[in-house]
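The structure under discussion appears below in the form of C-alpha cells.
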C-alpha cells in the first residue's frame, strides 16, 4: 500500500535548539515526507477484524491514490454494516494532512483538489479529535492512515539496528498533547532502503504500550514501494485488524 510510504506536510523545527538525535530525527522525517507517489493506482482488498472476545468481521476495502500537479490524496472506501464509509487523506507541500469523510457518496473526479476550504457540499472535514477514532470499526485509527505521528513536532533518532531482517533506523515520535483516544508516543523502525515502516509501537496517553503495527510483504511494484498486508494489534484489548490487498490488481 502506498500510504505506508508516502505522507507530506510535517512542521519543521529550527535546528539550533535541537540535540543531534532530534536533528537526525527531523532530517529522517523530512526524507520520508518528501516521497510522493509517482502515478495513480488503485488496490482492492479485505479488512479482517478480530475482536478481543473472538468476534470476526470481514469488510471489502478499496484504496485509490490520486496524484496531481499540486497535491495528492488517498481515498479509502470500506463497505460495511449496510453502508459505504469513505475517507479522504489530502497531502500537499508545506501543509498538514487534511481528512474528510462521508458515507454513500461518489468518489470525486481526480484533479487538483485544494487542501483547505469547503471541498464538497456536505463533505465533513474531520477535527483533530475525530481522526483518533477507528476507521470502519477496526484497530486502525483514521490518523494511522495518514501516518499522523510523522507530523508531530518532536522526532528523535534513537539508534540503528536490524529488525525483522531489515536494516533500520529507530525513530521516536512524541505527541506533546495526546488526546484520550490517541497516542502519546510512537517508536518506529524505518527501513533504510525504502524509508517504509517495518514495525511501530504506539503508546497511549498514559505512556502504556497500546498497539503493535507491522506491514508485511512490502515490495516494489512498477518502481513504487507497496505493501500487501498491514496488521494492527491492540495489546490492551487483544483485538487485531488485518488489511490485505491484492497487488496484482
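Enumerate the residues in region 65-103 having an amide nitrogen under 14 Å from the point lying 7 Å beyond the Cα of residue 246 toward its Cβ.
The answer is none.
Full-extension gain between residue 69 and residue 94, please, as 0.36 nm times their residue separation minus the C-alpha to C-alpha distance. Kindly include the intermediate steps, with their values, before the conclusion.
Numbers: separation 25, 0.36 × 25 = 9.00 nm, distance 1.45 nm.
Working it through step by step, the gained length comes to 7.5 nm.
Fewest to most neighbouring Cβ within 10 Å: what's the order for 163, 124, 151?
Sorted ascending by nearby Cβ count, the order is 124, 163, 151.
Values in this text are rule-based calculations from the coordinates and carry no lab data. Here the structure is a predicted model, which means the values were calculated and not measured. No Cβ is skipped: glycine too gets one built from the backbone with ideal geometry, and neighbour counts run over all protein chains shown.
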